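Accompanying notes for the structure given below.
The values are calculated or read from the model by the stated rules, or taken from the named source; none is laboratory data. Just so we're clear, the structure is a prediction, and the values are computed from it rather than from any experiment. With ideal geometry, Cβ positions are generated from the backbone for all residues, glycine too; neighbour counts draw on all protein chains shown.
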């Protein structure tokens with residue numbers, strides 16, 4: 001999608017929030033897929049949620065031949081006996097690029113959702129089928145998921161959510177609570193790598209060095225991940241400069257070089 005806004009239409013400070021809004025639109029589209037098929041608990045039962053800052057994850061199962069370095073499988077943890085537990089796997093992602101000047105801003109939004117291909121992770125059709133089995137709904141009674149249906153639902157939700165983002169309520173007043181309802185990080189323990197880029201609050205607390213263990217508390221008005229350590233120090237981590245690995249729980253700079 002290509003979006004264009006004049007300075008009067010979109011506060012420049014809200015541009016970084018668009019990736020979060022697109023993720024939320026994708027979640028709402030998946031919810032509507034379930035609702036239109038009599039499966040109102042699809043999100044909950046299939047563990048569909050937002051991985052900060054721009055990925056969609058859902059319930060899946062890891063196989064023996066899966067690549068340990070595959071980022072789409074990073075939500076999978078093997079048991080101590082080598083079993084194949086259910087886990088969250090990546091089914092989609094969002095990428096936004098913006099450019100502009102005094103006359104306004106242009107934003108290119110790319111969205112990928114796995115509709116049909118259930119390897120190596122899972123797909124929307126499989127989630128719907130699994131939910132049918134769980135709810136005792138005959139598979140043959142439901143129409144298949146289509147790309148056109150998913151795209152239409154996503155665009156409709158995105159338009160409504162963008163009206164809220166660009167309106168008086170903005171992100172904090174209109175969307176933050178919805179985003180937190182669907183993200184997978186609330187009260188999650190993370191390890192903040194020294195390479196992570198962001199800001200710290202609570203200036204009365206002496207900043208710590210090295211890897212820091214903290215608990216995710218919030219998402220800020222700018223879309224930053226907010227975490228707090230055991231001393232009360234809060235860290236706001238930039239979504240455009242950092243990544244979070246949900247298997248290891250480590251937040252580090254996207255430009256981190258282990259060498």
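Some points to look at:
- Scanning the range 150-205 for residues that are in contact with a helix residue (DSSP H, G or I) (Cβ under 9 Å, 6 or more places away or on another chain), more than 12 Å from residue 24 (Cα to Cα) and in a loop (DSSP other than H, G, I, E, B) yields 167, 168, 186.
- When restricted to residues that are in contact with a strand residue (DSSP E or B) (Cβ under 8 Å, 6 or more places away or on another chain) and modelled with pLDDT of 95 or more, the range 165-178 contains 1.
- Meets criteria (within 30 Å of residue 164 (Cβ to Cβ), modelled with pLDDT under 85, crowded, with 19+ Cβ neighbours inside 10 Å and under 15 Å from the mean Cα position of the chain (by Cα)) for residue 246: yes
- Counting the residues of the range 102-134 that are at pLDDT below 90 and surrounded by 14 or more Cβ atoms within 10 Å (Cβ to Cβ) gives 3.
- Which listed residue, of 259, 181, is modelled with pLDDT of 95 or more and out of contact with any strand residue (DSSP E or B) (no Cβ under 8 Å at 6 or more places or on another chain): 181
- Scanning the range 135-149 for residues that are in contact with a helix residue (DSSP H, G or I) (Cβ under 6 Å, 6 or more places away or on another chain) and at pLDDT 95 or above yields a single hit, 145.
- Within the range 79-98, one or more residues are over 24 Å from residue 249 (Cα atoms), exposed (fewer than 13 other Cβ atoms within 10 Å of the Cβ), at pLDDT 65 or above and assigned by TED's automatic domain parsing to the domain that holds residue 44.
- Residue match in the range 34-43 (condition: within 15 Å of the chain's Cα centre (by Cα), more than 24 Å from residue 133 (Cβ to Cβ) and either assigned to a helix (DSSP H, G or I) or at pLDDT 55 or above (or both)): no
- Taking the criterion of being in a loop (DSSP other than H, G, I, E, B), touching a residue at least 24 places away in the same chain (Cβ under 8 Å) and under 15 Å from residue 188 (Cα atoms), the residues of the range 230-257 that qualify are 246, 247, 248, 249.
- Matching entry among 42, 24 (being more than 20 Å from residue 160 (Cα to Cα) and touching a helix residue (DSSP H, G or I) at 6+ places or on another chain (Cβ under 6 Å)): 42
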